[in-house]
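A short worksheet on the structure shown next.
The values are calculated or read from the model by the stated rules, or taken from the named source; none is laboratory data. Note that the structure is predicted; figures quoted are calculated from it, not measured. Please note: Cβ atoms are built from the backbone with ideal geometry, for glycine as well, and neighbour counts cover all protein chains shown. Side chains are part of the model used for accessible areas, which takes the heavy atoms of the whole protein and leaves out ligands, DNA and RNA. Shrake-Rupley method; radii C 1.70, N 1.55, O 1.52, S 1.80 Å.
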Amino acid sequence: MTKPDRRYALITGANKGLGRETARRLGQMGMTVLVGARDAARGGTTADELRRLGIDARPVHLDVTDEATVRAAATAVEEDFGRLDVLVNNAGIVEDDVDPSATTASLARDIYATNVFGVIATTHAMLPLLRRSPAPRVVNLSSRLGSLAKAADLSSPHRQLLAYNSSKAALNSLTLHYAREFAGTTFKINSATPGYVATDLNGHQGTRTVEEGARIVVHLATLGEDGPTGGFFDDEGPVAW
Ligand SMILES: NC(=O)c1ccc[n+]([C@@H]2O[C@H](COP(=O)([O-])OP(=O)(O)OC[C@H]3O[C@@H](n4cnc5c(N)ncnc54)[C@H](OP(=O)(O)O)[C@@H]3O)[C@@H](O)[C@H]2O)c1
């Protein structure tokens, strides 16, 4: 049953990496965390591990590229809790290093299916539940590589991943358009960039820990009513779009 003073957070792709760490931190702050995972067994294992830490964690089967699972997840959250307070659109994939000129539409379509359309599907399905929250928070896991301002500086080094980088630029655009629709309400909708974090996404080449990377995500997921909306942030503050 829903408890009015408890907060319910759904994190997509929460079975490992930044999603798992975000779930752990939000759980330790007293939220019920819904561990979204496309592989139900992996989600169950992570939820079990988090429960052993004293966290109220529940697995939710959710493949962001499969709208049937997204809709089923929304139905399950509604039946179990009646509302959602926090949505962290964390699930994401990246292509191997390949020059822009060698990137095929098929590769880009796969990346966009998760990083862009997956976020639209999940957000669209969860918005009716978020509207029932007194203080809804949405955090989209973006990247500095999605910054058009950085890409536009042709003289500065910038890792060239056509599909991934442009998918995160598109994701930032989603953040702005949702934030505009909900401006003046209690919603806070922002993009976060965690820095270069050692996870499976980059073969653990990242220079930051998941604890460091998840800090800005947790901050934006727990903003007070005077917090920003429609922004792009890292640990140190606003990031150029
Ligand atoms: N690591 C970095 O340096 C970095 C920097 C900037 C932004 N980010 C962003 O941070 C987010 C998390 O990345 P990470 O570094 O933690 O990567 P990760 O360890 O590879 O975790 C990615 C998570 O997304 C899940 N996922 C992938 N496709 C999915 C789908 N279709 N449906 C549901 N879940 C799916 C994965 O599930 P499986 O286990 O089933 O594959 C996994 O749980 C991503 O959006 C990424 O772009 C990361």
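Principal axis extents of the C-alpha atoms in the range 27-70 (largest first, rounded to whole Å): 31, 18, 9.
Values of log10 I(q)/I(0) for the range 100-157 across q = 0.21, 0.22 Å⁻¹ run -0.96, -0.99, by the Debye formula with one identical scatterer at each alpha carbon and no solvent.
Computed with a 1.4 Å probe over protein heavy atoms only, the accessible surface of the chain comes to 47 Å² per residue.
Stokes-Einstein, applied to the Kirkwood radius of the range 181-241 over Cα pairs at a viscosity of 1.567 mPa s and 4 °C, places its translational diffusion at 103 µm² s⁻¹. The share of accessible area on the chain that comes from carbon and sulfur is 52 percent, using a 1.4 angstrom probe. Packing-based ranking of 79-89, 179-189 yields 79-89, 179-189, ordered from highest to lowest mean Cβ neighbour count within 10 Å. Looking at the range 40-135, the pairs of alpha carbons with a distance over 22 Å make up 41% of the total. Measuring max minus min along each principal axis, the C-alpha atoms of the range 8-238 give extents of 50, 40, 32 Å (largest first).
Helix 67-81 axis versus longest C-alpha principal axis of the chain: approximately 30°, rounded to the nearest ten.
Remark on the range 63-118: hydrodynamic radius 13.3 angstrom, per the Kirkwood mean of 1/r across alpha carbon pairs. When each of the peptides 193-201, 56-64 is scored by the mean number of other C-beta atoms lying within 10 Å of its residues, the order from highest to lowest reads 56-64, 193-201.
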